[in-house]
Amino acid sequence: MNELLEAFRLVLAPDVLIAILLSSIYGLVIGSLPGLSATMATALLVPVTFYLSPIAAVASIIAASAMAIFSGDIPGCLLRIPGTPASAAYTDEAYAMTRNGQAEVALGAGLWFSALGGIAGTISLVVMAPVLAELALNFSTYEYFWLAFLGLMCATLVARSSPVKAIASMLIGLLVACIGMENPGGVPRFTFGITELLGGIEPIPALVGVFAVSEVIRAIVSPEPPPLPSRKFGSILAGQLALTIKYWRQMTRGNIVGIIIGVLPGAGADMAAWVSYAMSKRFSKERKKFGTGHPEGLVEAGASNNASLASGWVPALLFGIPGDTITAIAIGVLYMKGLNPGPTLFTERASSMYALYIIFILANIIMIPLGIMMIRAASYILRAPRATIMPVILVCCAVGAFATGNNLFAVILVAAFGVIGYAMENNGFPVAAMVLGIVMGTMVEQSFVTSLIKSDGSLLPFFERPVSAVLATMTISALLWPAFIWLWRRFRPGQQEQMS
Amino acid sequence: MRLSDRVTGSFVATLGVLAAYGGSQFPPVPGQDVGPSVFPMVIGAGLILCGLMIALGVGHSFEDEAEAEADLAEIQGLSQQAMPVNPLRHRLRALLPPGLLLFYVYAADRIGFVPTAAIMIFASALAFGAKIRVALPLAALAPIAIHLIFYKLLRVPLPPGLLPMPW
């Protein structure tokens, strides 16, 4: 109880509240601009978090990412261009509703079910985290190895491209993580005599490059999106209660699917939205209406992507394994702020954990009024020409990377990873898998090598302990899953048509 | 800049060969079988395997790649279809953002943050098709605002250079 009170005291501090408010507005604006994703909003926020207190730093990331995932719906609905990849699954549906004159209902559903989904995800975090923490206390390097490996496999499994290319990008990420001296032998690896590389490649400049600079490059070679016609909106929330009652089943299913996908290490909000939208269509009684402006899929997918956002913090907080690309960034911030992820976070820093829960709830509550304001202001914000936003973002990338270590080498890394990210994405290599490889590489290697040393080079102990055996089975089935699907389709052609 | 799978696959495999070879050269830890060379070699082997699979098209039909691509094309908008017909100029424009970042690295310590950022913003705004009467005020004002936020509020030591700010 004392800890709960302490948590409230931590959250209600003026600097935390201001951080939540400002980063919410920031997240809403960035998320609503096409091409600027929630991950990019988070990555550009990191240099700012250096100068905040630990709780304020984490609060700003939570608030900005939640708002950005919601406000990605706005341009999707009004312009048929999703603001963030997480909104892409139902952009056509939302745009069809706008064309039917139901823009308010579509935007309201996005807002309302995002907020409810976020709260459902938070509840899952509150319930799951302590149980898993108890389990995690018994983990040894074998379990951590499998868990990290499972996270990497999930990241490749859910990528919406060829799984072989996804695995290749993950391995490239792991290779990048090898650079530097931080390895079992303390030997400089792949540094090519460059002193700056001895310390390894920091994840933040790599993330800024891959997610922000590559977007700037993509924008510069593609034409400007059409301007938004100015319009007046009616009541945003009217009718949402009726939708909630009518589609509560779909909403709950969306929440649950979102939570599960979020907890899986490596799979995030965009995947949750795709899976939930497809699921909603599959189980709907009115399947024919999908795509013509039917709110059902919108409800389910909107509930799902925000739920996954909160539950993505479960593996991040407990094991230091990111649930998605946003928590991959957040883990770095947690370490920097002395809130080292791990089961002991619950015993030693319980008040901080409660504070995180409160921030999640708070962010999802203020999302509703701020979201309504954002929807009303969208006509003005979306009219800001790209030619003024992108140059400023480019400078912010440079300054932000520089700020991570007051080191100009980071800016070179940002430029390099911008080009790498752009080239990879253009050729069907998912960059998210590479980023997770970079973030988790050191951990995978450490747990792998330590385990091998403990077992005297034998692979048997990797499968002997009960929990590690379960995790190993899951990982290996994730690895073999694409091959299984391929065989299945090959030998049952009738099934294939049914599935598609 | 879409290359064929054969090209990207071979590139990945070559990277794998280099990683495995580089990994095998690292000195072992005395008295240990497992040292710093194991992990790069495992990754290298994986990359070689993946690269060959991509290059030879094995597993190309593993999953709904075509579907994903169709989705992607749809997401990235109808706008992509209206791409200008000058591919070379296009490719060159893609080099501008990383080029400007390298310019920042070169120039920031020499002429200071504000002039460097102003040049970056001016050049990229023009490349995005802004008119001069938009690009000029933006290049004049935005660096000062960014400097205020990062230098004054966040205490990032941005180099003053030729144009030190009064704060």
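The values are calculated or read from the model by the stated rules, or taken from the named source; none is laboratory data. In this text, all values refer to a predicted model and were calculated from it rather than measured experimentally. Here the Cβ positions follow ideal geometry from the backbone for every residue, glycine too, while neighbour counts run over all protein chains shown. These accessible areas exclude ligands, DNA and RNA; they are computed on the full protein's heavy atoms, side chains included. Shrake-Rupley method; radii C 1.70, N 1.55, O 1.52, S 1.80 Å.
Here the condition is being open to solvent by 10 Å² or more (accessible area, probe 1.4 Å) and under 15 Å from A:VAL444 (Cβ atoms); of A:LEU147, A:LEU152, A:LEU135, A:LEU197, it holds for A:LEU147 alone. Could you run through the stretch B:145-167 and say how many residues are open to solvent by 60 Å² or more (accessible area, probe 1.4 Å) and either at positive phi or more than 9 Å from chain A (Cβ to nearest Cβ) (or both)? Qualifying residue count, the stretch B:145-167: 10.
A quick yes/no check of all residues on (1) closer than 22 Å to A:GLY35 by Cβ; (2) modelled with pLDDT of 85 or more; (3) out of contact with any helix residue (DSSP H, G or I) (no Cβ under 9 Å at 6 or more places or on another chain); (4) outside any loop (DSSP other than H, G, I, E, B):
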| residue | (1), (2), (3), (4) |
| --- | --- |
| A:GLY193 | no, no, yes, no |
| A:LEU197 | no, no, no, yes |
| A:ILE204 | yes, no, no, yes |
| A:LEU207 | yes, no, no, yes |
| A:VAL210 | yes, yes, no, yes |
| A:VAL213 | yes, yes, no, yes |
| A:VAL216 | yes, yes, no, yes |
| A:PRO225 | yes, no, no, no |
| A:PRO229 | yes, no, no, no |
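Only one of the numbered conditions (1) closer than 25 Å to A:GLU224 by Cβ; (2) modelled with pLDDT under 90; (3) open to solvent by less than 20 Å² (accessible area, probe 1.4 Å); (4) under 23 Å from the mean Cα position of the chain (by Cα) is violated by A:GLU425, and that is (3).
Reported count of residues in the stretch A:92-128, each being open to solvent by 10 Å² or more (accessible area, probe 1.4 Å) and either touching a residue at least 12 places away in the same chain (Cβ under 8 Å) or of a type in the set (A, V, I, L, M) (or both), is 18. The residues of the stretch A:424-475 that are within 12 Å of chain B (Cβ to nearest Cβ), closer than 30 Å to A:PRO203 by Cα and polar (S, T, N, Q), listed by number, are A:ASN426, A:ASN427, A:THR442, A:GLN446, A:SER447, A:THR450, A:SER451.
Name the helices (runs of 4 or more DSSP H) wholly inside the stretch A:393-465 in which the number of residues that are in contact with a helix residue (DSSP H, G or I) (Cβ under 8 Å, 6 or more places away or on another chain) and of a type in the set (Ser, Thr, Tyr) is 3 or more. Helices (runs of 4 or more DSSP H) meeting the threshold: A:431-454.
Whenever a residue of the stretch A:399-420 is more than 8 Å from chain B (Cβ to nearest Cβ), its partners that are among the hydroxyl-bearing types (Ser, Thr, Tyr), lying with C-beta atoms within less than 6 angstrom and at least six residues away or across chains, give the pairs A:ALA410/A:THR404. Of the residues in the stretch A:316-325, not one is more than 19 Å from A:GLY27 (Cβ to Cβ), without any contact (Cβ under 8 Å) to a residue 24 or more places away in the chain, out of contact with any strand residue (DSSP E or B) (no Cβ under 7 Å at 6 or more places or on another chain) and surrounded by fewer than 24 Cβ atoms within 10 Å (Cβ to Cβ).
Just one of (1) within 23 Å of A:PRO226 (Cα to Cα); (2) open to solvent by less than 50 Å² (accessible area, probe 1.4 Å); (3) modelled with pLDDT under 85; (4) in a helix (DSSP H, G or I) fails for B:GLN80. It is (2).
Being among the small types (Gly, Ala, Ser), touching a Cys at 6+ places or on another chain (Cβ under 7 Å), surrounded by 18 or more Cβ atoms within 10 Å (Cβ to Cβ) and under 30 Å from A:VAL399 (Cβ atoms) holds for only one residue in A:ALA212, A:ALA219, A:ALA267, A:ALA206, and it is A:ALA212. For the stretch B:127-138, a residue qualifies if it is within 8 Å of chain A (Cβ to nearest Cβ) and part of a helix (DSSP H, G or I), and the qualifying residues are B:ALA127, B:VAL134, B:ALA135, B:LEU138. In the stretch A:379-388, the residue that is modelled with the lowest pLDDT out of those that are part of a helix (DSSP H, G or I) and within 15 Å of A:LEU36 (Cα to Cα) is A:ILE381.
Condition check: closer than 24 Å to A:LEU125 by Cα, open to solvent by 10 Å² or more (accessible area, probe 1.4 Å), assigned to a helix (DSSP H, G or I) and of a type in the set (Val, Ile, Thr). Does A:ILE365 satisfy that?
Working: closer than 24 Å to A:LEU125 by Cα: yes; open to solvent by 10 Å² or more (accessible area, probe 1.4 Å): yes; assigned to a helix (DSSP H, G or I): yes; of a type in the set (Val, Ile, Thr): yes.
Yes.
A:GLY405 fulfils the conditions (1) modelled with pLDDT of 85 or more; (2) more than 30 Å from A:LEU125 (Cβ to Cβ); (3) surrounded by fewer than 20 Cβ atoms within 10 Å (Cβ to Cβ) except for a single criterion, (1).
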